[in-house]
Amino acid sequence: MSIEKKKPLFADPLDITKGLSIDDLNKYLPAIHKVADLKMTADKMRDGVFLGLGLNGLEKIPSNTIDLIIAAPPESPKHEPDGRGKIMTLKEYFEWNKSWLKESFRVLKPTGALYLICGWRLSGMYHSILNKFFQVQTRISWRDSSLNEKPNQNTWLNQTSDVWYATKTNEFMFNQEVPSNKLENINLNELSEVHNSNLWSDIMDVKIGTTVKIEGDKPEQLIERILGASSFKLNWVLDPFTRSGGVGVIAKKMGRRFIGFESNKDQLLMALKRIRLAESL
């Protein structure tokens, strides 16, 4: 009888991810919890970041329990979002997106909202899927300084990304007092007309608790604006593609309860570290 050897969480714990020390590994490795072991009920929700795929994590969440979902799904089928080590076809990618969005709809409260952050190339696909389940309220455009597109004399240089704002029903929470766009060179008499504009041209920089850009993070101001408009303190916020924890950091700073899922073990450790630090502020 052969005994199956368990794979370690990290192939080489000494191969430190940028921003993590040996002390961090000693501190946060014991804090890792897997999606597979996650058990929640509507009366017993669990705050934290969990190791596993976003879709699998969503399936563990009870129905009608989440106030706000902020999601930036992998931008290409080649990013292997299913974690199986193979490249998805466009059809498979479409079906995968439909699956996690269907689960997102299920877990949201009737007054809940979803903000889906994506590039322009896949924006139309997401709109078509969202229309199957949600009430699509608007598409927000923001100035994305992280784009690496090269200038092309034969066409326009894209400098924006999209955020689809969708709700479970047409009775949803929206805080109109949240400061919105500070458009450049605007006439003060026109300010009231653009206060809640879906053109967020003032958002440019990525800086979340660090002077160094961390891969996967979105601008702090972008996440703050979303959280302020569509959630209150102690609301449940979920990010199914947590990466290094940017959404979780800001959610904690703003007094929200946060659930995140991340299948990359190194990024999960970074998320744990950053969110714990945010909780201590």
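Of everything in the stretch 24-69 that is in a loop (DSSP other than H, G, I, E, B) and of a type in the set (A, V, I, L, M), the residue that is nearest to residue 274 (Cα to Cα) is 32.
Answer yes or no as to whether residue 207 is within 21 Å of the chain's Cα centre (by Cα), modelled with pLDDT of 95 or more and among the charged types (D, E, K, R). Considered against the rule, which asks whether it is within 21 Å of the chain's Cα centre (by Cα), modelled with pLDDT of 95 or more and among the charged types (D, E, K, R), residue 207 comes out as no. Listed by first and then second residue, the pairs linking a residue in the stretch 35-51 that is more than 17 Å from residue 67 (Cβ to Cβ) to a residue that is part of a helix (DSSP H, G or I) and polar (S, T, N, Q), with Cβ atoms under 7 Å apart and 6 or more places separating them unless they lie on different chains, are 35/56. What is the residue count in the stretch 222-281 for residues that are part of a loop (DSSP other than H, G, I, E, B) and among the charged types (D, E, K, R)? Count: 3. For residue 24, the conditions (1) surrounded by fewer than 10 Cβ atoms within 10 Å (Cβ to Cβ); (2) at pLDDT below 95; (3) not hydrophobic (A, V, I, L, M, F, W, C) all hold with the exception of (1).
To keep it simple, each residue is scored yes or no on (1) assigned to a loop (DSSP other than H, G, I, E, B); (2) out of contact with any Leu (no Cβ under 6 Å at 6 or more places or on another chain); (3) at pLDDT below 50; (4) not small (Gly, Ala, Ser).
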residue	(1), (2), (3), (4)
166	no, no, no, no
169	yes, yes, no, yes
174	yes, yes, no, yes
178	yes, yes, no, yes
183	yes, yes, yes, yes
186	yes, yes, yes, yes
189	no, yes, yes, yes
197	yes, yes, no, no
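Does residue 93 satisfy the condition of being in a strand (DSSP E or B) and either at pLDDT below 90 or crowded, with 19+ Cβ neighbours inside 10 Å (or both)? Taking the combined requirement at face value, the residue does not satisfy it.
The values are calculated or read from the model by the stated rules, or taken from the named source; none is laboratory data. Bear in mind the structure is a predicted one, so any value in this text is a computation, not a measurement. We place every Cβ from the backbone using ideal geometry, glycine too, and count neighbours over all the protein chains shown.
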